[in-house]
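Presented below is the structure to which this report refers.
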Amino acid sequence: MKFFILLLRVGAMLCAASFAGCASVPTGRTGDVTPLFHDALFKPPAEPIDSRAIFTVDASMRRFLSEEIVPQIRREDPRQALLDALNGKLLIDYDSEMTRTASQTFAAREGNCLSLVIMTAALASQLDMRVTYQEVYDFDTWSRDASFDILSQHVNLVLGPRPPSDSLFPCDASPMIVDFLSPRQMANAVSRPIPEQTVVAMYMNNRAAEVMVGGDVDRAYWFARAALQADPGFANAANT
């Protein structure tokens, strides 16, 4: 099967972070995670933690789509038009410091692999593209920061063809992968599809890890809590 891979400017693999250690992890995606919550021990967040903001498409993103993508989609596969624009116009740089929402990644022109996945999925959804999220194995890395051991894992995105439309260009049925890694690195990669709720949990868990490393344990708790609310079976968040 033929694959198209978007290679962005910097190859790297730090993405979904979680803390190493032991925790009582719920079994199954419908497990009761409320015994892990101890809200009274932590200061309420100054701002609500809203998962809806993760995939929000703002005015600048909509303008990018209307100016750079829409004029092309009657002449070529819309997915290729999006990938060309991402690679030629946005030039997203790799940044491991903070996991960003779609609009934050678009504005900053940088993010980690999860940020890239979130931004691309948000743009693709505006074009009615089928999106498949993937966890990619064998790219796990360990690091140590502020006395925490951090496990980083890898995710990417596969764009499927849009439903039939009045486009003059027939969509290629081959999957198109959006990833920071090179085709050579991805050649023998093993992956599995994951639902969007897990991607939301990964984002929240990343933010929990990032702010905890920065010393804000209270805020980290609320992010980790939101991760488990998004996907009760996401063991990394239970561990955090």
Report task. Work out how far the C-alpha atoms of the stretch 90-240 reach from end to end along every principal axis, then list the three figures in whole Å, largest first. Result -> 55, 31, 30
Report task. Multiply the residue gap between Ser51 and Thr34 by 0.36 nm, knock off their C-alpha separation, and tell me the result in nm, one decimal place. Result -> 4.3 nm
Report task. Starting from the amide H of Arg74, placed 1.01 Å from N in the peptide plane, find each other amide H under 5 Å away whose residue is 5 or more places distant or on another chain. Result -> none
**Report entry** Whole-Hz ³J(HN,Hα) from phi, Karplus 6.51 cos²θ - 1.76 cosθ + 1.60, for the stretch 228-240, glycine and proline x
**Finding:** 6, 5, 5, 8, x, x, 7, 5, 4, 5, 4, 5, 4
Query raised in the report: Sorted by average packing, counted as other Cβ atoms within 10 angstrom per residue and highest first, what order do 61-67, 193-199 take?
Result: 193-199, 61-67
Requested in this report: Quick one: what are the phi-derived ³J(HN,Hα) couplings along the stretch 212-221, Karplus 6.51/-1.76/1.60 with θ = phi - 60°, whole Hz, x for glycine and proline?
Outcome: 5, 4, x, x, 9, 5, 4, 5, 4, 4
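We did not get these values from a lab; they are worked out from the coordinates using the rules stated. Note that the structure is a prediction, hence the values are computed from the model and not measured. Every residue, glycine as well, gets a Cβ built from its backbone with ideal geometry; the counts of neighbours run over all protein chains shown.
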